[in-house]
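Remarks on the structure that follows.
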Amino acid sequence: FDFQSVAEQVLPPAHYAYLATSVDDDRMLKVNREGFLRFQLRMRRLVDVRQLDTSVRLFGHRWDTPIVIQPTGSNGAFHPDAELAVARAARAKGHLQMLSTVASTPVEEVIAARGGPVWFQLYAAENWTATQAMVKRAEDAGCSAVVLTVDLQGDSNRETVSRGIRRDDRDCTLCHDPNRPRPMHTHLDASSFRITGTPPRTGPPRPRGMTWEYVTRLKNATVMPVLVKGIVTGEDASLCEAYGADGLVVSNHGARAGASGRSTIECLPEVVEAVGGRLPIIIDSGFRRGTDIFKALALGATAVGIGRPYLWGLASFGQAGVEAVLELLRRELEMVMRQAGTTSLDQISPAHIVDRSL
């Protein structure tokens, strides 16, 4: 990606380090990419592929593409327009957008820029009342789904960020401080679940004691569909369904959720088998090319999320950069669909995949 090299040139050291980091020695970034090499494509020939339909339906809404803009925090570190530029790009290109709890921009402003609903990614607070307030605010703003992240209950060792901050002594390095105020972490009025006043210095701490019952509790607290993000095993996929989740996201937090794990594309087959088509499955972490997206769809994913690629575009050229990245990925997906003889997503199947590990 040329956008990555441009982003590295234009961003301050601490900001690029935050964008580039994984955990420990950053090996998981390579693991996510190398996982795609396990799967090769079986191409079909002599199919009329003049007309393609890349649309996908999720919870009754039709999206033009299965490429989802995943939630990423602190977009203001990469461009002054932050999540607003991303939302405008999503609107222009017809993409589903998820907004992070630790976004730089209030959810109400992002939805206005998007011109339609976004999905709200939730980092649950230790205090259930605080979680309810955030969820209600997202719901009132017009979010159409809530995505509960469950893969960061523990700490992670992000050495690349630490090194980047040591090289960069500007005050704005605090934008990646977990204690920095966020729009979603303003004062919480427990009596009415209103958000009021000036942001406190710290946001609500995340619950390390969260269990599967939390999914059911969240489901009962909102009218929005609830998805669980961070699933990497078939066992947990089955538990998502058992505890009432409406969907799930196969994710290792872009290689930030822990060291020595598997790539998400290698986790996908057992998750798909466990769910059996009863829940929509979105997958992210490590997706860079149209062939990557096609492989995930062939293995059973409903949609595919991207994170770093659109942030590289944002850092490089703002909204125009995000749009360019989205267009590039869509064009690559359409290219491989034609090469494989498929004209719609429902024609992409495991028959298009060879698993080299078997």
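How much length is gained on full extension from Lys30 to Ser5, taking 0.36 nm per residue of separation minus their Cα-Cα distance? Working shown, then result.
Numbers: separation 25, 0.36 × 25 = 9.00 nm, distance 1.72 nm.
Once the chain is fully extended between Lys30 and Ser5, it gains 7.3 nm.
Given R₀ = 41 Å, what would the calculated FRET efficiency be for Gln347 paired with Arg208, taking r from the Cβ atoms and rounding to 0.05? Don't skip to the answer; put the middle values down first.
Values: r = 44 Å, r/R0 = 1.07.
Result of the calculation: an efficiency of 0.40.
Between Asn127 and Asp53, with labels modelled 7 Å along Cα→Cβ, what's the label distance in nm to one decimal, could you check?
In this crude label model, Asn127 to Asp53 measures out at 5.0 nm.
Hey, could you grab the Kirkwood Rh for region 1-157? Inverse mean 1/r over distinct alpha carbon pairs, Å, one decimal.
Details: mean 1/r = 0.0548 Å⁻¹.
The Cα-based Kirkwood calculation yields 18.2 Å.
What's the FRET efficiency of Val354 with Leu46 using the Cβ-Cβ distance as r and R₀ = 25 Å, to the nearest 0.05?
0.75
What is the P(r) of region 289-357, as percent of Cα-Cα pairs per 5 Å bin from 0?
Going out from 0 Å in 5 Å bins, region 289-357 shows 4, 17, 25, 20, 14, 11, 7, 2, 0 percent.
Here, each number is a calculation from the coordinates, and none is a lab measurement. As the structure is a prediction and not an experimental result, all values here were calculated from the model. Cβ sites come from the backbone with ideal geometry, for glycine too, and all protein chains shown count toward neighbours.
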